Structures are given as C-alpha cells and as structure tokens.
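First the structure, in the form of structure tokens, and then the observations on it.
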Amino acid sequence: MYHPYFRGKQYELITVREMAPVLAELDFRPIIEPVRETLSGLHKSLDAIVEANGRAIVIVNPHHGDLSGGAEELSELLKEKFLDLPGICAGILLKQDMSPADAMKVHKAHEGHAPVFIHAGFAEPKALMEHLDRPLTEQCHIFLDKYCGKLYQRHFKGSHRVLVKDGFQRKKNREYELIEPFSDLHATFADEGMDGFGDFLIVGDDYSESGGPAYAIAIHLTFIDPDQDDSMLIYHFVSDRQDTPKDPAGKFAEALAKMMAVLNRRGCKVLETDAVKEFRELHRNGHFPGLGYVKKLSMNHHIETLAHYFTTTA
C-alpha cells in the first residue's frame, strides 16, 4: 500500500529502523536508495524490518550519492544475508540513460531477489515489456509521478502498480507559508488505478549531500484534514530570526514554540503521535537535539499519521 521513499542517509535509515514495527503492521513497504558507501546503517535497518516481519525494497543501482550507478557491495549484502528472507526485494531504478538491455542485465543479476522496477525517466516501456517473460500479475512497477504519465503507466496495466508523488515543495526555509497542501494520494490512489502509493515524506525528491548554513530553521509537520476530504497538508514552523546562521539551538526553540502554539489550540488536527510527544518533551526541556534528529521526528510523525489514517478508515 504505502511506499515511503528514503534516501539512505543516517536519519532516514534510523526512521526506517525505529518505525519498522509500524511499517510491518500496516504492510507499508519502504523503498530505500542507499547513498552512503558504508552499509552498516542499511544493514541495521533491514535487520529491523526482517525482525518485525515487514517488507522493504532496496535499490541496487542507486542514482545519487557514493553508490551512484550501482555497487557490488549492495548485491553482496543482499546475497549474503537477505536473499532467502521474505520481504526484502531488489529495486531496479530505471533512469533516462538506461536501455532495455541495461535494465534486463540488472534484472537478471537479481532475479532471485523478487525484483521491482522503479520508473524514473526510462523511455522505452514497450521494449521493456517485450523483454520480460514473467506474467504481468507477478510483476511490480513503481512510477515516480514526475517522470511517468498515464500513457507510460498504461504499458504495465495488469501488474502491481504503485504511484509515488513528491508532496514536499522544497524552498528556502524563510519562504515557507505556515500551511501548504501536501497530497491527497493516500485517499485517491485507487482512483488512479493504482494498487499503492508513495511519497518522499517531508524531505522531498531533490537530493543534496548536505545543506548550507541554516539562516532560518523550519520544522515540518504533516496532518490529515477530515474537513477537506482527508487531504494531507503540512505545517512549516519557521524561526523568527533569519539573518544569520548563528544560534541554531535558539532558532529551533523559536520554531518549536510556534509548533506548540498550534498544537495547543482547541481543535488542532495534528495527530498526537509519539513524535509529537517527543517534540513536546524537547520544548519542556529546552533541548536542541540537532537538525538531523528533528527531521527524523518529522518523518516518524508522517508515518504514524498515515498509519493512523489507514487503521481508522479500513
């Protein structure tokens, strides 16, 4: 059903690890694109998924980061530890510069890993289908929305199809409005003819190795609004000071105070998740845990929010 797309940075992988029981319980299936040469964090995350009897897709030919273009280490990790375990699949990222022959070469190398195709700019869907000898009903195709229109998706009708949209509009922190639309795909993916949906959580699809100096600090928090047909929206709580990169802890406190003001309003629609409770604890203690940790809490909250939605609407 839900396929959150993670790039394998430290706190993204920690989110996968911490949320593994929730992901497994709801049959949420994370997609992980490893971007770091060191695979210990990925190893721990997959261990947590397997221990929780969950499922995950690991991209074996990443486009970004240290492992761009593919890496033997990833193949070896899958073969040595995860090949015979249920639920861990090889994701084949289909980019613009790949030919059908390239795609099938990766597919053949990982045919024992229940391969899943992730369409992200690939231009020859008809030729790919002609190369595949597995029945459509045994295939899984994941489409990144900005690359794959309806005509493209139609080539794979009859397979298990998942649509991934980026609901996060990346801007400079000081440019965010308090509330913006995020997505309605969690409520409409079946209307799109899809068997599942995904997003890039509160990080977005745009990839960067590291951010620049934080002149403003923003905390992002999603929520589902039943008064807007269950659309998902996102709060951006932005610090007051924005003219210098100094004092990130103080700026975090400013943004966090704005969050508390919204959370404490009567009728607030933000779910009181474990992540929100931790934000409240940080506010009470006046503690700044670092920006990576803050992002992790926002990602945890996003997953908890969708888990609650599907638990209560099933």
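The values are calculated or read from the model by the stated rules, or taken from the named source; none is laboratory data. On a predicted model such as this, the values are computed, not experimentally measured, just so you know. Note that we place each Cβ from the backbone using ideal geometry, even for glycine, and neighbour counts take in every protein chain shown.
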Given the condition within 23 Å of residue 159 (Cα to Cα), crowded, with 22+ Cβ neighbours inside 10 Å and either at pLDDT below 85 or more than 20 Å from the chain's Cα centre (by Cα) (or both), answer yes or no: does some residue in the range 81-94 qualify? no
Can you pull out the residues in the range 215-246 that are surrounded by fewer than 18 Cβ atoms within 10 Å (Cβ to Cβ) and under 20 Å from residue 172 (Cβ atoms)? 215, 240, 241, 242, 243, 244, 245, 246
Test: residue in the range 140-149 that is basic (Lys, Arg), part of a loop (DSSP other than H, G, I, E, B), more than 30 Å from residue 241 (Cβ to Cβ) and modelled with pLDDT of 95 or more: no
Output the number of the condition that residue 53 fails; it satisfies all remaining conditions of (1) touching a strand residue (DSSP E or B) at 6+ places or on another chain (Cβ under 8 Å); (2) without any contact (Cβ under 8 Å) to a residue 60 or more places away in the chain. (1)
Out of (1) outside any helix (DSSP H, G or I); (2) buried (at least 16 other Cβ atoms within 10 Å of the Cβ); (3) touching a Phe, Trp or Tyr at 6+ places or on another chain (Cβ under 8 Å), the odd one out for residue 194 is which? (3)
Return yes or no: is residue 6 assigned to a strand (DSSP E or B), outside the structural domain of residue 299 (by TED's automatic domain parsing) and at pLDDT 95 or above? yes
So if I check each of 275, 249, 261, which one is within 19 Å of residue 168 (Cβ to Cβ) and assigned to a helix (DSSP H, G or I)? 275
Taking only the range 146-164 into account, find how many residues are in contact with a strand residue (DSSP E or B) (Cβ under 6 Å, 6 or more places away or on another chain) and of a type outside the set (Val, Ile, Thr). 8
Every listed condition ((1) surrounded by fewer than 16 Cβ atoms within 10 Å (Cβ to Cβ); (2) touching an Asp or Glu at 6+ places or on another chain (Cβ under 8 Å); (3) not basic (Lys, Arg)) holds for residue 177 save (2)
